[in-house]
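Have a look at the structure below, then the notes.
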Amino acid sequence: MNKPSILPPQTIGIIGGGQLGRMMAISARYMGYRVIVLDPTPDCPCAQVSDEQIVKQYDDMDGIRMLTEKSDVVTYEFENVDLAAASYIEKQGKLPQGAYPLEVTQNREKEKTLMKEAGLPVPTFFIVRDEAECIEACKNITYPAVIKTCRGGYDGKGQVKLESADEQDTAIAFTKKYGYCIIEEWVSFDKEISVVFTRSQSDNGEAKIAFFPIPENEHKDHILYKSTVPADISDVVEGKAKEAATLLAEKMDIVGTFAIEMFVVGDDIYVNEMAPRPHNSGHYTIEGCNVSQFDEHVRAVFGLPLIPIHLQSPAMMVNILGEDMENTLTSMPKSNVGHVHLYGKKDIKPKRKMGHITFTGNTLEQLKVDLKHFKENGMDQGRGQNND
């Protein structure tokens with residue numbers, strides 16, 4: 001028998017107080033739920049819009065127990081949640097997403113192995129734990145290749161590209177530093193896309209899945225710079241991408257919003273990495289769709305039915321990094337285009353994600369113009385107020 005939906009004003013607990021937790025909390029509060037966040041940093045971005053914060057480390061079991069007792073359902077904003085903590089919450093019946101998707105996505109070996117066993121196209125890879133295994137892998141891999149830590153690492157951290165076999169010493173040094181790594185073939189792709197979707201809890205043994213329009217991603221210095229929707233992909237690629245996502249979602253029994261990054265090569269796809277939570281490339285959904293990735297996530301974990309998703313207009317999301325903050329604040333009083341979201345982070349640092357801007361409009365070409373005008377601080381150069 002299925003659990004009944006959890007209705008407002010019940011409480012959602014969020015592990016992690018960054019921007020994803022903040023946007024989850026905003027969605028939950030709009031719907032009338034109460035919010036409590038566990039994060040070691042006082043007045044973190046999520047805490048600024050929550051009812052309560054537990055200031056504890058993510059693996060502090062006293063804090064985890066407190067969060068679980070005070071919450072009717074618990075979710076998380078990042079994949080590196082302590083597995084013992086996640087298992088504890090799951091056993092209390094308050095973690096609809098379960099611990100298994102975390103176990104898979106926080107370990108690149110398990111992630112790639114699951115994809116391979118599912119019959120999905122993934123680059124050739126080798127797992128290395130010491131110098132001997134690294135040397136053997138370097139002999140057998142096709143170059144260029146990339147070596148990554150199997151645990152942790154994001155936004156290009158914890159990885160090094162290997163251009164040729166001459167860089168074997170670089171790979172060995174990397175392995176000695178991190179100890180548990182993956183070496184995989186570098187995919188020369190035409191473009192990168194994300195498949196962002198939300199999957200409901202089972203209803204009479206069947207879970208429903210709702211796909212957001214697929215964004216096309218552009219990176220700078222290994223950090224997502226821009227996501228554009230709709231992606232310039234064929235119907236064949238879209239079909240393959242959604243089929244792969246559905247297969248993985250069913251294998252892991254996903255609940256909530258989930259994202260899978262994929263490379264597009266012609267009409268083929270290669271599955272790259274997964275994130276068991278809302279994703280940076282899905283931020284455009286707040287203004288671009290009738291329901292956001294955060295709204296659907298909250299609905300899923302509380303056991304509410306998913307809302308059918310529609311793209312309301314073409315959209316372009318651009319990240320605001322620390323080095324962009326001054327120009328963004330200068331532009332805001334002068335520009336009448338773009339929806340600015342700032343995350344409330346106190347320390348401005350280069351390459352740190354401080355916010356994002358979403359542009360919406362009738363055509364993708366117009367959005368490119370809007371982005372250019374916003375950067376140039378020109379309200380008089382932007383669209384008129386009534387031209388949206």
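The values are calculated or read from the model by the stated rules, or taken from the named source; none is laboratory data. It should be emphasised that the depicted structure is a prediction, and the values quoted were computed from it without experimental measurement. FYI the Cβ positions are ideal-geometry reconstructions off the backbone, even for glycines, and counts take in every protein chain you see.
Could you tell me how many of the residues in the range 315-356 are more than 21 Å from HIS222 (Cβ to Cβ) and aliphatic (A, V, I, L, M)?
Number satisfying all stated conditions: 6.
Any idea which of THR246, THR170 is surrounded by fewer than 21 Cβ atoms within 10 Å (Cβ to Cβ), outside any strand (DSSP E or B) and over 20 Å from the mean Cα position of the chain (by Cα)?
It is THR170.
Give me a count of the residues in the range 94-129 that are more than 22 Å from SER164 (Cβ to Cβ) and either touching a Gly at 6+ places or on another chain (Cβ under 6 Å) or not hydrophobic (A, V, I, L, M, F, W, C) (or both).
Here the count works out to 21.
For the range 25-144, which helices (runs of 4 or more DSSP H) that fit wholly inside it have 3 or more residues that are under 21 Å from LEU248 (Cβ atoms)?
Fully inside the range 25-144 and qualifying: 83-91, 100-105, 108-117.
Of (1) buried (at least 16 other Cβ atoms within 10 Å of the Cβ); (2) assigned to a loop (DSSP other than H, G, I, E, B); (3) modelled with pLDDT of 95 or more; (4) not acidic (Asp, Glu), ILE348 satisfies all except one. Which?
Status for ILE348: all satisfied but (1).
Give the residue, chosen from LEU304, LEU329, LEU311, that is surrounded by fewer than 19 Cβ atoms within 10 Å (Cβ to Cβ) and free of Cβ contacts under 8 Å to residues at least 12 places away in the same chain.
LEU329
Just checking, which of ALA25, ALA84 is among the aliphatic types (A, V, I, L, M) and under 20 Å from the mean Cα position of the chain (by Cα)?
The match here is ALA25.
What number of residues within the range 35-79 are of a type in the set (Asp, Glu) and closer than 25 Å to ILE348 by Cβ?
Result for the range 35-79: 3.
Spot the failing condition for LYS116; the list is (1) free of Cβ contacts under 8 Å to residues at least 24 places away in the same chain; (2) more than 20 Å from ASP268 (Cβ to Cβ), and only one is missed.
(2)
Every residue in the range 14-24 that is farther than 17 Å from GLN97 by Cα and either crowded, with 24+ Cβ neighbours inside 10 Å or touching a His at 6+ places or on another chain (Cβ under 6 Å) (or both), please.
The answer is GLY17, GLN19, ARG22, MET23.
Taking the condition within 14 Å of the chain's Cα centre (by Cα) and without any contact (Cβ under 8 Å) to a residue 40 or more places away in the chain, does ILE260 pass?
So ILE260 fails the test.
Across the range 196-213, which residue is surrounded by the fewest Cβ atoms within 10 Å (Cβ to Cβ) among those that are touching a Pro at 6+ places or on another chain (Cβ under 9 Å) and more than 16 Å from GLY288 (Cβ to Cβ)?
Within the range 196-213, the match that is surrounded by the fewest Cβ atoms within 10 Å (Cβ to Cβ) is ASP203.
Take the residues of the range 158-188 that are of a type in the set (D, E, K, R) and touching a residue at least 12 places away in the same chain (Cβ under 8 Å): which is farthest from LEU224 (Cα to Cα)?
In this case the residue turns out to be LYS176.
Yes/no per residue for (1) under 18 Å from the mean Cα position of the chain (by Cα); (2) exposed (fewer than 15 other Cβ atoms within 10 Å of the Cβ); (3) under 28 Å from PHE294 (Cα atoms):
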{"position": "ILE89", "(1), (2), (3)": "no, no, yes"}
{"position": "GLU117", "(1), (2), (3)": "no, yes, no"}
{"position": "PRO123", "(1), (2), (3)": "no, no, no"}
{"position": "ARG129", "(1), (2), (3)": "no, yes, no"}
{"position": "CYS134", "(1), (2), (3)": "no, no, no"}
{"position": "ALA145", "(1), (2), (3)": "no, no, no"}
{"position": "GLU163", "(1), (2), (3)": "no, yes, no"}
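Going through the range 316-345 one residue at a time, which ones are part of a loop (DSSP other than H, G, I, E, B), out of contact with any Asp or Glu (no Cβ under 9 Å at 6 or more places or on another chain) and charged (D, E, K, R)?
Passing the criteria: only LYS345.
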